[in-house]
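Report on the following structure.
The values are calculated or read from the model by the stated rules, or taken from the named source; none is laboratory data. Quick caveat, the model's predicted, so the values are computed rather than measured. As a convention, Cβ positions derive from the backbone with ideal geometry for all residues, glycine included, and neighbour counts pool all protein chains shown. Each accessible area value is taken on the protein alone, full model and side chains, heavy atoms only, with ligands, DNA and RNA left out. Shrake-Rupley method; radii C 1.70, N 1.55, O 1.52, S 1.80 Å.
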Amino acid sequence: MATGQKEYAVGDAVSAALRWDLPQAGDMLAAGARVRRIGSRKGAIMSHSAATAATIDVGAGETLAYVRQPGTTPGVVFLTGYKSDMTGQKALRLEALCRARGQAFIRFDYYGHGQSAGEFVDGTIGRWRDDAVCILDQLTTGPQVLVGSSLGGWIMLLTALMRPERVAGLVGVAAAPDFTEDLIAPQLSPGERAVLDAGGIVNLSSVYDPSPTPLNKRFLDNGREHLLLRDEIALDCPVRLIHGMQDADVPWRTSLRLAERLRTTDVEVTLVKDGEHRLSREDDLENLCAVLEELLQRLERKER
């Protein structure tokens with residue numbers, strides 16, 4: 001390979017795995033790099049869990065629901081997406097992977113999500129970050145790898161900033177930091193803004209849920225207090241980002257912006273050319289498991 005030429009990995013979904021050390025990674029797909037072929041992983045671990053959720057009291061009579069399995073460290077904490085819950089395919093597949101490895105794992109529902117207390121409309125980015133910090137503080141020991149999907153990608157970053165000494169690594173799947181400001185706010189009509197300013201609720205439609213998603217001004221204002229992509233993100237742990245290039249909800253360039261803002265130099269971005277937002281196809285789930293397993297193996301070698 002010629003000096004300075006990058007090597008990208010192209011898999012069955014035509015994904016490009018980028019080891020982040022280019023100053024302008026947005027130009028990488030036109031860089032004419034050499035390509036090596038990656039086959040599908042064999043013997044995929046099937047996701048199945050009959051575990052019953054437990055709850056933890058977070059005060060004021062409110063509880064968070066979670067499922068925890070014991071194991072070795074670094075443990076893995078899964079953070080779900082916006083209006084999603086801990087019973088999704090990614091959560092269960094990663095739980096199965098960790099079970100097979102004997103790795104500690106925990107998944108949970110934010111306030112107003114799934115089996116946890118509260119109304120979704122009353123949740124905020126700050127509140128959900130506090131939920132994740134509570135889970136980290138009270139239900140885990142030792143170093144942890146946080147895996148965040150969509151909204152969970154934002155929450156994992158905020159959690160890591162609150163507890164950098166506890167977080168050994170991060171894996172983001174279609175990570176969506178700052179989505180309140182960059183993706184929701186610009187799409188609001190003048191009429192919708194007026195409703196929000198008057199203290200009302202705007203119902204947003206979603207292709208993932210037949211019921212509308214309620215939005216209030218407090219949610220947008222709180223999101224503005226937790227924006228990350230405007231400045232350096234002071235994290236030094238290894239970070240792995242996976243994003244579908246057909247993502248109609250969170251542009252794949254968001255992951256590139258995030259990689260630029262992270263202080264750590266140990267960042268790898270995987271772009272799945274035909275992948276959409278959820279990245280829940282079998283190939284996508286296998287790829288996620290492979291990325292997490294590689295990171296866990298690296299961290300385990302480092303601890304020896």
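Using a/c under 1.5 as the rounded threshold, could you call region 225-304 rounded, prolate or oblate? The axes a ≥ b ≥ c are square roots of the C-alpha gyration tensor eigenvalues, and prolate needs a/b larger than b/c, oblate otherwise. Verdict is oblate for region 225-304. Accessible area per residue was computed with a 1.4 Å probe on protein heavy atoms; Thr73 scores about 50 Å².
Largest accessible area first, the listed residues Tyr111, Tyr208, Tyr82 line up as Tyr208, Tyr82, Tyr111 when surface is computed with a 1.4 Å probe on the assembled protein chains. Within 12 Å, Cβ to Cβ, of Val67, how many net charges do the neighbouring residues add up to if Lys/Arg are +1 and Asp/Glu are -1? Summing Lys and Arg as +1 and Asp and Glu as -1 gives 0. Here each label is just a point 7 Å from Cα along the line to Cβ, and for Arg218 and Ala60 those points are 0.8 nm apart.
Expressed as a whole percent, the accessible surface of region 46-196 that belongs to carbon and sulfur atoms is 51, based on a 1.4 Å probe.
How much net charge surrounds Leu157 when only other residues with a Cβ under 11 Å from its Cβ are counted (Lys, Arg +1; Asp, Glu -1)?
With Lys, Arg at +1 and Asp, Glu at -1, the net is +1.
A simple spin-label model places pseudo-atoms 7 Å from Cα toward Cβ; at Thr141 and Glu282 they are separated by 4.0 nm.
Accessible area per residue was computed with a 1.4 Å probe on protein heavy atoms; Thr55 scores about 90 Å². Taking Cβ atoms as reference points and 13 Å as the exclusive limit, the residues near Arg263 contribute a net charge of -4, counting Lys and Arg as +1 and Asp and Glu as -1. Full extension of the chain between Gln187 and Met162 gives 5.9 nm of extra length, using 0.36 nm per residue less the Cα-Cα distance. Taking the charge dipole of region 88-233 about its Cα centre, with +1 at Lys and Arg Cβ atoms and -1 at Asp and Glu Cβ atoms, the residue from Leu157, Leu220, Ala168 reaching farthest to the positive side is Ala168.
Per-residue Karplus couplings for region 207-212, computed as 6.51 cos²θ - 1.76 cosθ + 1.60 with θ equal to phi - 60°, are listed in order as 6, 9, 8, x, 8, x Hz, Gly and Pro entered as x. If R0 is 51 Å, the Cβ-Cβ spacing of Ser206 and Asp236 corresponds to a FRET efficiency of close to 0.90. Surface analysis of region 162-304 yields an accessible area of 48 Å² per residue, using protein heavy atoms and a 1.4 Å probe.
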